[in-house]
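Only one structure is covered here, and it is reproduced in the block below.
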Amino acid sequence: MSMRTPLRPLARILKARSSGENPDAIERENLRLRHEEMRDSTRLRAEGRLLVLGLCFVSAFVVVGLRMGQVAATTPEEPRAVTTGTSILAARADILDRNGRILATNRTTHSLYAQPQEMIDPLYAANELVKIFPDLNKERLIRDFTGSRKFLWIKKQIAPEQQQAVHDIGDPGLLFGPRESRLYPNGKLAAHILGGTKFGREGVMSAEIIGQSGIERYRDDYLRDPANGDKPLQLSIDLSVQSTMREVLFGGMHLLDAKGAAAVLMDVNTGEIVSMVSLPDFDPNGRPTFAGQNASDNPRFNRAVQGVYELGSTFKIFAAAQAMELGIMTPNTLIPATPPFRWGKHRIGEFEGHNYGPNLSLTNMIVKSSNVATAHVAQQIGVTRQKEFLKSLGFFDPTPVELTEAAGAKPLLPPHWSELSTLTIGYGHGISVSPLHLAAAYSSLLNGGTRVTPTLIKHQGPMPKGPRVVRPEVSKASRDMLRAVVAEGTASFGDVRGYKVGGKTGTADKPRENGRGYYDDKTITTFASVFPADAPKYVLIVTLDEAVETSGPKPRRTAGWTAVPVAGEIIRRVAPVLGIRPDIETLALAQ
Amino acid sequence: MRSVYIVLSALFVMGLAVWAYKENYATQEVLRNVSQVQREIGHQGEELAVLRAEWAYLNRPSRLRDLAELNFDRLGLLPLMPEQFGTVEQVNFPIEEDILSELENPVSVVGSLEAIDP
């Protein structure tokens with residue numbers, strides 16, 4: 001800032017006055033100069049501001065331009081803050097047993113494919129491949145390799161050593177794609193429960209695994225959900241028990257020359273299936289194909305769930321229990337038992353022409369397994385009430401167990417439920433159910449009388465009780481009757497010391513395939529048991545198909561000689577594994 | 001005074017720019033590390049799955065049963081049987097040694113009040 005010059009400097013005014021000039025001219029002159037000076041400085045400031053503003057704009061445009069160039073020049077990249085490494089691998093959830101041991105898991109293998117146009121020596125490669133994989137067709141490989149194909153699968157799954165051998169061929173046209181595959185480390189054990197898997201849609205880099213049968217298919221949605229990759233599915237199966245039961249059942253089946261066998265071990269209170277075996281079985285790691293005519297001969301056929309059979313006298317306890325529940329009978333009520341029981345032109349007799357007449361108590365009816373007495377009881381119960389009771393035990397619907405096959409196994413009921421049907425169903429003929437149905441019904445009847453739902457999933461926390469089927473007293477009386485069968489009746493071979501086994505045998509002749517009557521020499525023998533009878537924990541159903549015991553002078557095909565000893569041995573071996581301590585039974589209690 | 005403010009704020013902005021630049025590179029480095037670690041976790045998980053599968057395969061009940069049979073003379077393993085459950089009374093407790101009876105010529109060191117009484 002320069003010194004402010006006065007508009008009318010006295011010296012110049014005086015000088016002008018003396019020379020006669022107008023002093024106002026000096027003032028105007030000074031004012032003009034001052035205004036010019038002010039204008040110059042304002043312009044300078046404005047120019048400076050414009051320059052700064054211009055610079056700002058230029059640098060902003062330069063930044064935008066540079067960024068545009070950078071964006072245009074670089075390769076696109078996803079933000080990497082969220083990296084997923086593990087979830088893609090091991091996508092399908094594991095299946096564990098109730099103690100956390102692995103029943104099904106995944107492993108990484110490789111698939112082998114070829115791009116023939118990349119191949120250097122197709123003939124040599126084909127030659128070497130056939131040496132590694134003897135099941136490949138050499139001519140076909142050569143045709144594919146030298147033809148016009150650009151891509152072909154050679155093997156869906158190969159082992160690491162095979163992969164190394166293919167590497168050693170050294171042909172750039174042979175390529176590997178990663179593959180997840182399902183592994184069942186226990187082989188045949190629990191094969192029918194697990195079912196199996198197959199590849200769904202396939203790509204070079206991956207293939208989806210989908211459940212083919214069993215629980216793998218039933219719970220496919222859960223197992224495939226990537227969110228459940230680290231949340232395994234825990235079954236109610238106990239691997240040790242399953243193994244023991246299969247071993248004993250397998251031995252029993254071969255000893256008794258049976259065609260097939262099934263066994264179900266169920267927790268009476270929760271309905272959890274602790275073990276379920278069906279023989280013959282298969283290896284789920286390589287599911288066999290079956291070309292036979294009879295579906296029940298297929299090793300993949302789950303006899304315990306899909307096999308609906310007439311289970312014979314095991315049904316008698318239901319008639320007895322219902323009679324007690326309705327209050328029309330007590331365990332000591334006498335029932336006429338003189339054969340034959342006539343109904344129209346039909347005659348109902350006893351097994352092997354026995355005669356238990358003239359009267360049997362309700363308990364002895366079960367102990368002796370009298371058809372005639374049971375028919376009398378069933379007649380008193382009547383058609384409607386019997387149907388209602390059997391429905392409440394779950395005999396009218398497929399079992400709700402978590403297996404795909406279960407939904408297809410509908411019980412076979414008489415199309416017209418006449419009084420004759422009621423009589424025969426009373427002793428287990430004319431109704432066909434699976435061993436699993438029987439296990440669930442026995443559990444419901446004997447656990448104190450509340451309905452259980454069979455399940456393969458391990459239950460967490462307290463189980464709510466199902467709807468009441470019978471009164472607790474009836475349940476207790478039924479258990480006492482079953483205990484008497486084992487202690488003094490047809491199932492004495494099943495009396496495992498210390499475990500108070502109660503049970504009922506059932507021997508049913510197999511129906512002929514042509515639907516005309518029954519075979520004389522082919523039976524389905526069943527033993528339905530509960531242990532310990534005074535405080536029930538488990539129900540065990542054992543069914544043998546065409547079993548025969550030949551140690552005596554003539555072959556014996558009744559359940560007492562076939563299914564019962566096998567069941568007894570299963571209980572003797574399995575109960576300690578389940579942690580049940582044997583009790584010292586007093587003689588007074590047994591009688 | 002004003003020019004001091006201007007210089008200071010310019011320095012501050014430059015400092016911020018340097019900080020942002022460094023943070024940017026540090027973030028990229030961390031992201032690279034994370035993806036590296038994730039990859040490692042993936043590999044480890046895969047390895048773990050293989051080991052678990054192998055463990056399950058080697059411990060399958062049929063193999064253990066065969067091994068128990070093969071090595072019966074050394075191990076003497078038998079299936080669990082009901083007879084193997086026992087009661088507490090059946091367990092032999094070690095007999096406590098009676099040390100007092102082994103002493104020779106014991107001397108009683110318990111005095112009586114009568115001796116002190118005047």
Just checking, how many residues over the stretch A:200-221 are more than 20 Å from B:Val50 (Cα to Cα) and buried (at least 16 other Cβ atoms within 10 Å of the Cβ)? 11
Residue identified as more than 14 Å from every other protein chain (Cβ to nearest Cβ), hydrophobic (A, V, I, L, M, F, W, C) and part of a strand (DSSP E or B) among A:Ala508, A:Ala535, A:Ala487: A:Ala508
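Any chance the stretch A:395-414 includes a residue that's closer than 30 Å to A:Asp220 by Cα, crowded, with 17+ Cβ neighbours inside 10 Å and free of Cβ contacts under 8 Å to residues at least 60 places away in the same chain?
Yes, the stretch A:395-414 has at least one match.
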Determine, yes or no, whether A:Ala547 is within 30 Å of A:Leu96 (Cα to Cα), assigned by TED's automatic domain parsing to the domain that holds A:Asn294 and in a loop (DSSP other than H, G, I, E, B). no
Looking only at the stretch A:70-116, which residues are at the interface with chain B (Cβ under 7 Å from one of its Cβ atoms), closer than 19 Å to A:Gly200 by Cα and modelled with pLDDT of 80 or more? A:Thr105, A:Asn106, A:Arg107, A:Thr108
Going residue by residue through the stretch B:38-53, is there one that turns out to be more than 30 Å from A:Gly187 (Cβ to Cβ) and among the hydrophobic types (A, V, I, L, M, F, W, C)? yes
Which residues, counting only those in the stretch A:235-270, are away from chain B (no Cβ under 14 Å), of a type in the set (Gly, Ala, Ser) and over 16 Å from the mean Cα position of the chain (by Cα)? A:Gly252, A:Ala258, A:Gly260, A:Ala261, A:Ala262, A:Ala263
Number of the exception - A:Ala528 against (1) free of Cβ contacts under 8 Å to residues at least 40 places away in the same chain; (2) touching a Leu at 6+ places or on another chain (Cβ under 6 Å): (1)
Which of the following residues is in a loop (DSSP other than H, G, I, E, B) and of a type in the set (A, V, I, L, M): A:Ile142, A:Ile120? A:Ile120
Consider A:Asn228 against the criteria (1) under 18 Å from A:Leu403 (Cα atoms); (2) in contact (Cβ under 8 Å) with a residue 24 or more places away in the chain; (3) not aliphatic (A, V, I, L, M): it satisfies all of them except one. Which criterion is unmet? (1)
Keeping to the stretch A:385-408, report how many residues are touching a Pro at 6+ places or on another chain (Cβ under 9 Å), over 16 Å from A:Thr455 (Cβ atoms) and assigned to a loop (DSSP other than H, G, I, E, B). 2
Just to check your reading of the model, which residue among A:Ile273, A:Ile335, A:Ile317 is over 31 Å from the mean Cα position of the chain (by Cα), under 30 Å from A:Pro462 (Cβ atoms) and either β-branched (Val, Ile, Thr) or surrounded by fewer than 21 Cβ atoms within 10 Å (Cβ to Cβ) (or both)? A:Ile317
Taking the stretch A:543-577 and keeping residues more than 18 Å from A:Ala487 (Cβ to Cβ) and either facing chain B (nearest Cβ under 10 Å) or in contact with a Leu (Cβ under 7 Å, 6 or more places away or on another chain) (or both) leaves A:Leu544, A:Ala547, A:Val548, A:Glu549, A:Thr562, A:Val566, A:Ile570, A:Arg573, A:Val574, A:Pro576, A:Val577
Quick one: which residue in A:Pro185, A:Pro178 is of a type outside the set (Phe, Trp, Tyr) and either assigned to a loop (DSSP other than H, G, I, E, B) or at pLDDT 90 or above (or both)? A:Pro185
Select, from B:Asn71, B:Asn92, the only residue that is more than 14 Å from chain A (Cβ to nearest Cβ) and at pLDDT below 90. B:Asn92
Result of the Cβ filter at 9 Å on the stretch A:26-39, keeping first residues that are surrounded by 12 or more Cβ atoms within 10 Å (Cβ to Cβ) and partners that are at pLDDT 90 or above and basic (Lys, Arg), at least 6 apart or interchain, is none
Given the structure, is A:Leu235 touching a residue at least 24 places away in the same chain (Cβ under 8 Å) and under 30 Å from A:Gly448 (Cα atoms)? yes
Criterion first (in contact (Cβ under 8 Å) with a residue 12 or more places away in the chain, in a strand (DSSP E or B) and within 14 Å of another protein chain (Cβ to nearest Cβ)) does A:Val277 satisfy it? yes
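Each row is one residue, and each column tells you yes or no for (1) among the aliphatic types (A, V, I, L, M); (2) surrounded by 10 or more Cβ atoms within 10 Å (Cβ to Cβ).
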{"site": "B:Arg2", "(1), (2)": "no, no"}
{"site": "B:Ala10", "(1), (2)": "yes, yes"}
{"site": "B:Ser35", "(1), (2)": "no, yes"}
{"site": "B:Gly42", "(1), (2)": "no, yes"}
Quick check on the stretch A:495-505. Is at least one of its residues touching a Ser or Thr at 6+ places or on another chain (Cβ under 8 Å), within 14 Å of chain B (Cβ to nearest Cβ) and not in a helix (DSSP H, G or I)? yes
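Answer with yes or no whether A:Ile215 is touching a residue at least 40 places away in the same chain (Cβ under 8 Å) and in a helix (DSSP H, G or I).
Numbers: touching a residue at least 40 places away in the same chain (Cβ under 8 Å): yes; in a helix (DSSP H, G or I): yes.
The answer is yes for A:Ile215.
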From the options A:Gly502, A:Gly506, residue that is surrounded by 23 or more Cβ atoms within 10 Å (Cβ to Cβ), touching a residue at least 60 places away in the same chain (Cβ under 8 Å) and in contact with a strand residue (DSSP E or B) (Cβ under 7 Å, 6 or more places away or on another chain): A:Gly506
Please verify whether the stretch A:154-163 includes one or more residues that are within 14 Å of another protein chain (Cβ to nearest Cβ) and modelled with pLDDT under 90. yes
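Is it the case that the stretch B:100-108 has a residue that's in a helix (DSSP H, G or I), free of Cβ contacts under 8 Å to residues at least 24 places away in the same chain and within 30 Å of A:Gly251 (Cα to Cα)?
No: zero hits.
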When residues of the stretch A:467-481 are filtered for being touching a residue at least 24 places away in the same chain (Cβ under 8 Å), within 16 Å of A:Ala440 (Cβ to Cβ) and either touching a strand residue (DSSP E or B) at 6+ places or on another chain (Cβ under 7 Å) or assigned to a loop (DSSP other than H, G, I, E, B) (or both), how many remain? 3
Which numbered condition trips up A:Arg342, out of (1) over 43 Å from the mean Cα position of the chain (by Cα); (2) surrounded by 15 or more Cβ atoms within 10 Å (Cβ to Cβ); (3) outside any loop (DSSP other than H, G, I, E, B)? (2)
Which ones in the stretch A:188-197 are within 14 Å of chain B (Cβ to nearest Cβ) and not in a loop (DSSP other than H, G, I, E, B)? A:Ala191, A:Leu194
Does the stretch B:55-73 include one or more residues that are in contact with a Gly (Cβ under 9 Å, 6 or more places away or on another chain) and not in a helix (DSSP H, G or I)? yes
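The values are calculated or read from the model by the stated rules, or taken from the named source; none is laboratory data. Every value quoted in this text rests on a predicted model; they were computed, and no experiment measured them. All Cβ positions, glycine included, derive from the backbone under ideal geometry; neighbour counts span all protein chains shown.
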